[in-house]
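Scroll down for the structure; my scribbles are underneath it.
Coordinate-derived values only; no laboratory data. Note that the coordinates shown come from a computational prediction; the quantities given were computed from them, not determined experimentally. A quick note on method: Cβ atoms are made from the backbone with ideal geometry, for glycine too, and the neighbour counts reach across all protein chains shown.
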Amino acid sequence: MDKMPKKKCPQLDKGGIVMEDCLFCKIIRGEVPSKKVYEDDEIYAFEDINPAAPIHILFVPKKHIESIAKIEKEDEALIGKIYNAINKIAEEKGVKDKGYRVVTNCGKDAGQTVKHLHFHLLAGTNMGEKLL
Ligand code: AMP
Ligand code: ZN
């Protein structure tokens, strides 16, 4: 666990510890601007600032979880909800039938740069069969 101050956030009180110095927690709280694509009481989605595909949207749980490696039993439903939100936006963006890629980087070797669990929705181009 990162050594950053933690506190309870009343706006995100879904059992949610939030991180004071976490970029995505700041985006969720509106302290850092973002282009919102989707929001509900547990999930926030916004456009990636440095898109790797014509459609590149990040889906984050409002609850601060460091990475997919840190999910717990109680987060199982939340992860399912994130995938349902991804499917909803894929449909709205008109790529549900064409195809899309969902990626979550976990840890150093995967290149995770922001230590708040997020799922990249990538679409709008043919990404080919190669994963890397
Ligand atoms: P990862 O490398 O999997 O941790 O992904 C982090 C992603 O966050 C990258 O694709 C960045 O382009 C994106 N990113 C970083 N800062 C911001 C920001 N302020 N707003 C939107 N996306 C961001
Ligand atoms: Zn966070």
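Fewest first, what order do Y83, Y38, Y100, Y44 take by the number of other Cβ atoms within 10 Å?
Ranked by crowding around the Cβ, least crowded first: Y83, Y38, Y100, Y44.
With 29 Å as the limit, write out which pairs from K36/K70; K63/K98; K73/K130; K73/K93 have Cα-Cα distances beyond it, or answer none.
Those over the limit are K63/K98; K73/K130; K73/K93.
Just from its helices, what would the mean residue ellipticity at 222 nm be for the chain, if runs of 4 or more DSSP H residues each count -39500 (n - 2.57) and the sum is divided by every residue, rounded to the nearest 500 deg cm²/dmol?
Values: 2 runs with 24 residues, N = 132.
Computed ellipticity for the chain at 222 nm equals -5500 deg cm²/dmol.
For the chain, take the longest principal axis of its alpha carbons; what is the angle in degrees between that and the long axis of helix 76-92, to the nearest 10 within 0 to 90?
Here the helix axis deviates by roughly 40 degrees.
Among D48, D109, D75, which one shows the highest mean-square fluctuation when the chain is modelled as a Gaussian network with alpha-carbon springs under 10 Å?
Top of the fluctuation ranking is D109.
Going by C-beta contacts inside 10 Å, put R101, R29 in order with the fewest on the left.
Placing the least packed residue first, the sequence is R101, R29.
Would you mind working out the magnitude of the charge dipole of the chain relative to its Cα centre, with +1 at each Lys and Arg C-beta and -1 at each Asp and Glu C-beta, to the nearest 20 Debye? List each step's numbers first, then the result.
Values: 22 positive and 21 negative charges, 36 e Å.
It works out to roughly 180 debye.
Mind checking which of I71, I86, I28 has the largest fluctuation in a GNM of the chain, springs on alpha carbons under 10 Å?
Its mean-square fluctuation being the largest, the pick is I71.
Which value results for Rg/Rh of the stretch 6-123 when Rg is the Cα radius of gyration and Rh the Kirkwood radius based on the inverse mean 1/r?
Rg divided by Rh gives 0.94.
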